[in-house]
Each structure stands twice: as structure tokens, then as C-alpha cells.
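Here the structure comes first, spelled out in C-alpha cells, and everything after it is commentary.
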Amino acid sequence: MKLYNTINRRVEEFVPLKQGVATMYCCGPTVYSYPHIGNLRTYLNEDFLRRTLMRAGYDVQHVMNITDVGHLTSDEDTGEDKMLKAAEQEKMDVLALARKYEDSFFYQSQALNILRPTKVCRATEHVQDMIEFVQKLQEKGLAYVSGGNVYFDTVQFGHYGELSHKDIDGLQHGARVEEDANKRNPTDFVLWFTSSKFENQILQWDSPWGRGYPGWHIECSVMSSKYLGEYIDIHCGGVDHVAVHHENERAQSEGCFGHKWVNYWVHNEFLQLKDIKMSKSLGNILTVDSLKEKGYHPLAYRYLAMTAHYRSLLQFTFDALDAAQKSFDNLTARVVEIKKDLSGVVDEEAKKRLLEKFDKAIFNDVAMPQALAVMWEVVKDGSLNSATKWAILSEMDSVLGFSMDEMQEKSYEIDSELQALLDERKKARQEKNWAKSDEIRDTLKAKGWAVKDLPDGTAQLIKV
């Protein structure tokens with residue numbers, strides 16, 4: 001099995017620290033809002049990786065954090081606290097807000113068949129561990145107190161910048177970095193904030209440096225090492241984490257432990273919407289629920305995510321999602337037909353050959369587009385009987401995650417009441433009475449149906 005390693009900028013053979021076991025840490029969500037499909041692309045790609053490792057025979061120990069304190073609107077210790085800002089806007093208790101959006105994250109992840117991590121850990125439940133970690137850094141001369149806050153001294157860590165290939169000398173000599181008069185060096189970052197920086201911070205804890213709260217970067221170092229040990233196989237995240245968050249995580253971890261921390265750094269590219277990165281701050285987000293409301297199956301988005309390699313940008317358009325939905329519907333119909341009669345004898349030679357072809361794709365840096373192509377080769381192969389096809393597809397599905405064993409034929413009866421609502425909505429649209437059209441759509445939604453308008457002017461009801 002091979003993976004692209006960000007720190008070395010090349011595809012490398014995966015050799016685990018412990019035979020038969022793969023330790024994997026993934027940066028989890030900051031739970032201040034609903035996760036959008038751009039966020040979820042990261043977790044889908046991590047799911048493909050985890051399932052691939054499992055397919056390769058590894059016992060995958062997958063840890064993910066929940067950030068419910070300390071993440072500012074800038075990743076570089078500036079701006080407002082994301083949790084505090086959202087709690088004020090929604091007039092909610094901060095921890096109640098965190099649980100609301102944590103639940104939403106796992107609900108939407110489940111809809112996409114993303115496996116739940118083997119360990120989920122919340123930042124607010126590990127603050128004492130973070131305090132002890134910062135104390136160790138101080139004892140080693142890698143941290144200092146300034147203006148009431150505790151900073152990591154990047155100059156004292158000789159390998160800072162290696163992950164992101166930063167020009168540290170250039171930064172030290174005036175490159176654009178957010179000004180903080182308390183820092184000794186522009187690249188230093190906060191390990192612990194005191195109330196001197198944010199007087200209105202609701203979540204605060206007592207510490208040796210005063211009452212305050214942890215910086216964002218310290219969370220992952222503490223929780224990954226607590227549950228996976230001080231040396232791990234794989235650390236995952238989005239490409240936006242490389243330059244700041246992961247660079248800082250690496251520096252403080254290796255500084256504290258005194259040795260290498262992560263063997264393979266795996267990062268995925270963005271989902272883009274109309275040539276812009278999708279983000280909550282830009283207001284151009286789409287969620288799994290909003291796709292369902294438009295009549296799409298959540299697994300159609302999972303399918304779409306597989307059509308681009310995790311290290312490539314994925315351009316989102318509704319035309320692309322339409323194509324993915326059509327392919328997923330086609331796959332469902334084919335699988336249902338295959339499962340109708342499984343009485344034949346499995347062609348073991350063909351099964352071995354096609355699964356080896358599938359494995360060759362996924363074991364080569366998790367190449368899901370090629371894996372999809374092999375899946376379709378099996379589905380469309382007229383020389384294979386249904387028993388052989390199902391024997392192959394059911395194994396492939398452990399990685400694809402389409403729940404093929406649950407696929408069934410769609411047969412929904414549109415009763416007279418639903419048909420009357422559809423007719424009334426069609427008339428409203430013809431009269432350009434959009435308010436009435438939306439009202440009927442909401443009525444149908446409350447009855448468990450999404451409406452999809454087709455190019456020929458007709459509408460299709462989809463059960464949700």
C-alpha cells in the first residue's frame with residue numbers, strides 16, 4: 001500500500017509502526033455551525049482511507065477530536081472565538097451549541113456512510129491534559145509567557161517549517177504575518193490564552209498562568225498522544241491545515257516528545273463551488289440536508305466525491321451531482337437485479353482477478369476514481385453470472401460504502417392527494433407564483449417527499 005506523504009512531497013510505501021495495526025488521527029470539526037459538503041469531503045476521503053486500510057488487513061485505530069473551545073476565526077491566533085461568536089448569535093449556552101452541531105456532524109456523516117472514529121474526544125474534556133503538556137514545553141525551554149499568554153517559541157524548535165516548506169527566514173525578516181507584540185518571533189503561536197486577550201470568553205479554566213483557555217493547536221497534540229501514543233502512523237486533514245495548524249502541531253509535539261511524531265501526513269484538496277472555496281463565512285454552503293431537500297440521495301454525493309482523487313480539487317456543480325445521482329440510481333438498479341438470483345457458482349478465478357485489480361487501485365494512494373471504474377467493469381461484464389458479481393461487489397462495497405446489501409427496488413405509489421399537490425404546484429409555476437410553489441414544496445416535504453424539477457418541465461417525487 002502506498003500513500004502520498006505531504007512532508008516528503010512524494011508517494012511512499014506505507015509501513016506501519018506495529019505490524020497489523022494502523023494508527024490514524026484526523027482533525028475533527030469545530031462545532032459552531034452545520035457542516036457543509038465541503039467540510040464533509042475531507043471526512044469522506046478519510047473514510048475511504050480508513051476503509052482501504054481495513055481492506056489491507058489492518059486494525060485501524062482512528063481517533064478524531066471535537067473542537068468545542070479555542071478555535072479563532074483566523075487559524076493564526078487572531079479574530080473572534082468561533083464558538084463564542086456563534087453562541088452569542090444564536091443566544092445559546094456555548095456547550096449546548098457545541099452538542100447541537102456535534103450531533104449534526106455525526107448525523108450527516110452517518111447519512112454519507114462515514115464510519116464513526118474508534119475514539120471521539122472533546123477538547124473541553126481534556127483541558128488538564130493540555131495544561132500539563134504546556135508545562136512540559138516550558139520545562140524544555142520551548143514555551144514562554146508574554147502578555148499573560150503562553151507562546152511556543154518556534155526558533156527553539158529547529159525543524160519548524162519543514163512540513164509546509166515555509167521560508168522561515170523570510171518570515172523572520174518582515175513577510176506578512178499577523179502582528180502580535182507579545183510574540184518573540186512572527187511564527188510563534190499561542191498555547192494558552194488568559195483573559196487578558198479575550199475578557200468575554202465564557203469557557204475558562206484555572207491554570208498556572210492565570211484563568212484562561214487553550215489555544216487551538218495544542219488540542220490535537222494532546223488528544224492524539226493520549227489515545228494513540230507519542231508516535232503515530234498517519235495524520236489527516238485538509239490542505240488548509242498544512243501551513244499553520246499542522247505545522248504548529250508537529251512543532252509542539254516533537255518538541256515535547258523529543259522525537260518524530262507522525263510518519264505519514266495525508267491531506268486532501270478542497271471542494272469548490274463556482275471557482276470559490278466553499279465556506280461558512282462566505283455564506284455559500286450546502287449541507288447534506290439541503291441536498292436531500294432538493295431530491296438527491298446523500299450517497300449520490302459520496303459517489304461524486306469518489307470521481308476525483310483526494311489530492312485533486314473537486315468542482316461542485318448541480319450538473320455534476322445530477323450525473324452522480326443518475327450513476328448511483330443506475331448502480332442501485334443493477335445491484336437489485338443482480339441480487340434477484342444468486343444461485344449460480346462463483347467464478348473464483350474471475351473474482352480473484354477483479355478484486356486484485358480493485359485493490360491495485362485503492363492501494364495506490366487511495367485512487368477511488370479507478371476503483372469506481374473497476375466496480376463498473378464488474379457490474380457490466382456480461383460473462384459473469386450474478387453470484388460471481390455479487391461475491392465481488394459485496395467485497396468492494398466494504399471500501400466503497402454504498403450499502404449495496406440494503407439496495408432495493410424503488411416502487412412508490414403516488415396517491416391522489418400527492419398528485420393533486422403536484423398538479424397545483426405545476427400550475428403555480430406556470431403562473432410564476434413562486435411563493436405558492438414553495439408553499440406546496442414545503443407541504444410535500446412535511447409529508448416525506450422531495451420534489452425534483454426535471455428539464456422537460458415535469459416534476460419527480462423522491463422519498464426522503
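The table below gives the values:
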read-out: Extended-chain gain in nm, criterion 0.36 nm per residue less alpha-carbon gap, residue 259 and residue 453; value: 64.0 nm
read-out: Set 326/351; 166/292; 357/452; 18/357 screened for pairs whose C-alpha atoms are more than 30 Å apart; value: 166/292; 357/452
read-out: Cα gyration tensor shape of region 382-439, rounded if a/c is under 1.5, else prolate or oblate by comparing a/b with b/c; value: prolate
read-out: Of all accessible heavy-atom area on the chain, the percent that carbon and sulfur account for (1.4 Å); value: 47
read-out: Antiparallel DSSP beta bridges within the chain, percent to nearest 5; value: 50
read-out: Longest exposed-site-free window of the chain, the sites being GluC sites (Glu not before Pro) in a DSSP loop that have at most 12 other C-beta atoms within 10 Å; value: 200-408
read-out: Where a label projected 7 Å from the Cα of residue 383 along Cα→Cβ would reach, residues of region 316-359 with amide N under 18 Å; value: 345-358
read-out: Check: region 424-464 dipole with +1 on Lys, Arg Cβ and -1 on Asp, Glu Cβ, in debye; value: 100
read-out: Dimensionless Rg over Rh [region 1-149; C-alpha; Kirkwood]; value: 1.01
read-out: Mean ellipticity per residue at 222 nm, deg cm²/dmol - from DSSP H runs of n ≥ 4 across the chain, formula -39500 (n - 2.57); value: -13500 deg cm²/dmol
read-out: Long-range amide H partners of residue 191 with built H, under 5 Å; value: 150, 151, 152
read-out: Percentage relative contact order, the chain, counting C-alpha pairs under 8 Å, at least six apart; value: 17
read-out: Acute angle (nearest 10 degrees) that the helix 434-446 long axis makes with the longest principal axis of the chain, alpha-carbon atoms; value: 90
read-out: Rounded tilt (10° steps) of 318-339 against the dominant C-alpha axis of the chain; value: 60
read-out: The chain: C-alpha gyration tensor shape, a/c 1.5 cut-off, then a/b vs b/c; value: oblate
read-out: Anisotropy class of region 335-430 from Cα gyration tensor, a/c 1.5 cut; value: prolate
read-out: Contour excess over end-to-end distance, with Cα ends at residue 93 and residue 317 and 0.36 nm allotted per residue; value: 77.0 nm
read-out: In degrees, nearest ten, helix 37-55 long axis to first principal axis of the chain (Cα); value: 80
read-out: Projected label distance in nm at residue 430 and residue 128, using a 7 Å step from Cα toward the beta-carbon; value: 7.1
read-out: Difference of contour (0.36 nm per residue) and Cα-Cα distance, residue 56 to residue 446; value: 136.0 nm
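The values are calculated or read from the model by the stated rules, or taken from the named source; none is laboratory data. This one's a predicted model, so the numbers in the text were calculated from it and none came from an experiment. For neighbour counting, all protein chains shown are included, and Cβ atoms are generated from backbone atoms with ideal geometry for every residue, glycine included. Surface areas here come from the heavy atoms of the whole protein model, side chains and all, with no ligands, DNA or RNA. Shrake-Rupley method; radii C 1.70, N 1.55, O 1.52, S 1.80 Å.
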